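The values are calculated or read from the model by the stated rules, or taken from the named source; none is laboratory data. Everything quoted here is computed from the prediction, not taken from an experiment. As a convention, Cβ positions derive from the backbone with ideal geometry for all residues, glycine included, and neighbour counts pool all protein chains shown. Surface accessibility is based on the protein's heavy atoms, side chains included, excluding ligands, DNA and RNA. Shrake-Rupley method; radii C 1.70, N 1.55, O 1.52, S 1.80 Å.
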Amino acid sequence: GESVGLHLPTLSVQEGDNSIINCAYSNSASDYFIWYKQESGKGPQFIIDIRSNMDKRQGQRVTVLLNKTVKHLSLQIAATQPGDSAVYFCAEKAAGNKLTFGGGTRVLVKP
Amino acid sequence: KAGVTQTPRYLIKTRGQQVTLSCSPISGHRSVSWYQQTPGQGLQFLFEYFSETQRNKGNFPGRFSGRQFSNSRSEMNVSTLELGDSALYLCASSPSWRGKDIQYFGAGTRLSVL
């Protein structure tokens with residue numbers, strides 16, 4: 001992932017709409033990818049993961065897509081709710097437990 | 001089952017001092033990793049411990065160190081604090097050192113260096 005520094009990209013979405021958060025990862029050797037959600041004052045919370053031998057995985061209201069050809073990961077949130085407002089991070093692992101995080105995307109849900 | 005517990009939640013120190021942060025992993029988890037989170041650099045890996053041994057280390061100066069105890073609890077220490085060390089320090093635990101385990105994070109320790 002690439003850090004975007006102080007100014008997080010922000011996705012503003014209407015309550016009930018679908019959200020798509022994108023992430024470019026950097027290491028071709030990474031074989032495991034995770035999405036985390038971080039709310040204000042809290043640590044990152046696991047949302048969903050995907051291994052490199054898959055291109056899609058679905059959870060409850062969330063779907064992760066992996067495109068290894070272009071090293072791109074996306075998180076889709078269906079029927080976005082106010083509780084989905086947070087900063088979302090993608091992370092990659094190449095070996096062991098070291099996570100390399102992307103810079104994060106702030107999601108703001110408008111009522 | 002209790003989550004990852006980090007203490008203290010907040011710390012204020014002055015330049016030149018040292019600080020020790022503590023992390024208690026989820027019961028049964030033997031791997032503990034530490035991360036530094038700042039607005040400028042995002043989330044960066046510090047180090048990982050498993051069975052009291054450092055398994056992996058990030059690109060931080062030697063002022064940052066850690067250890068793990070036989071009960072899997074971990075501490076990290078920062079000596080000769082600098083203003084740039086102000087950050088949220090996060091601890092994550094997982095069952096093993098295998099890369100496919102989910103890592104669970106604590107709420108972090110917010111360190112302010114004045």
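Numbers at a glance
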| quantity | calculated |
| --- | --- |
| Pairs, first at the interface with chain A (Cβ under 7 Å from one of its Cβ atoms) in the range B:39-63, second among the basic types (Lys, Arg), C-beta under 6 Å, six or more apart | B:Phe45/A:Lys98; B:Glu48/B:Arg55; B:Asn56/A:Lys98 |
| Residue among B:Leu21, B:Leu111, B:Leu81 that alone is open to solvent by less than 50 Å² (accessible area, probe 1.4 Å), more than 27 Å from A:Phe33 (Cβ to Cβ) and outside any strand (DSSP E or B) | B:Leu81 |
| Number of the exception - B:Arg15 against (1) within 14 Å of chain A (Cβ to nearest Cβ); (2) part of a loop (DSSP other than H, G, I, E, B); (3) in contact (Cβ under 8 Å) with a residue 40 or more places away in the chain; (4) charged (D, E, K, R) | (1) |
| Restricting the range A:4-32 to residues that are part of a strand (DSSP E or B) and open to solvent by 60 Å² or more (accessible area, probe 1.4 Å), the residue that is nearest to B:Tyr10 (Cα to Cα) | A:Thr10 |
| Top-ranked residue in the range A:77-111 [being farther than 17 Å from B:Ala92 by Cβ and of a type in the set (D, E, K, R); ranked as nearest to the other protein chains (Cβ to nearest Cβ)] | A:Arg106 |
| Check on B:Thr5, open to solvent by 20 Å² or more (accessible area, probe 1.4 Å) and closer than 25 Å to A:Gly104 by Cα | yes |
| Conditions (1) within 19 Å of B:Leu111 (Cα to Cα); (2) in a strand (DSSP E or B); (3) among the hydrophobic types (A, V, I, L, M, F, W, C): number failed by B:Phe60 | (2) |
| Filtered residues of the range A:55-111 (kept if open to solvent by less than 50 Å² (accessible area, probe 1.4 Å), free of Cβ contacts under 8 Å to residues at least 24 places away in the same chain and assigned to a strand (DSSP E or B)) | A:Thr63 |
| Qualifying residues in the range B:55-76 (those that are touching a Gly at 6+ places or on another chain (Cβ under 7 Å) and modelled with pLDDT of 95 or more) - the one most open to solvent (accessible area, probe 1.4 Å) | B:Glu75 |
| Hits in the range B:89-108 (condition: without any contact (Cβ under 8 Å) to a residue 60 or more places away in the chain and either surrounded by 21 or more Cβ atoms within 10 Å (Cβ to Cβ) or of a type outside the set (D, E, K, R) (or both)) | B:Gly99, B:Ile102 |
| Verdict on A:Lys68 being among the basic types (Lys, Arg), over 14 Å from the mean Cα position of the chain (by Cα), more than 10 Å from chain B (Cβ to nearest Cβ) and over 28 Å from B:Val32 (Cβ atoms) | yes |
| Check on B:Ser86, open to solvent by 10 Å² or more (accessible area, probe 1.4 Å), within 22 Å of A:Lys42 (Cβ to Cβ), among the polar types (S, T, N, Q) and under 14 Å from the mean Cα position of the chain (by Cα) | yes |
| Filter result (facing chain A (nearest Cβ under 7 Å), in contact with a Lys or Arg (Cβ under 8 Å, 6 or more places away or on another chain) and not basic (Lys, Arg)) within the range B:95-109 | B:Trp97, B:Gly99, B:Ala107, B:Gly108 |
| Per-region count, the range A:33-54, residues assigned to a strand (DSSP E or B), facing chain B (nearest Cβ under 8 Å) and under 13 Å from the mean Cα position of the chain (by Cα) | 5 |
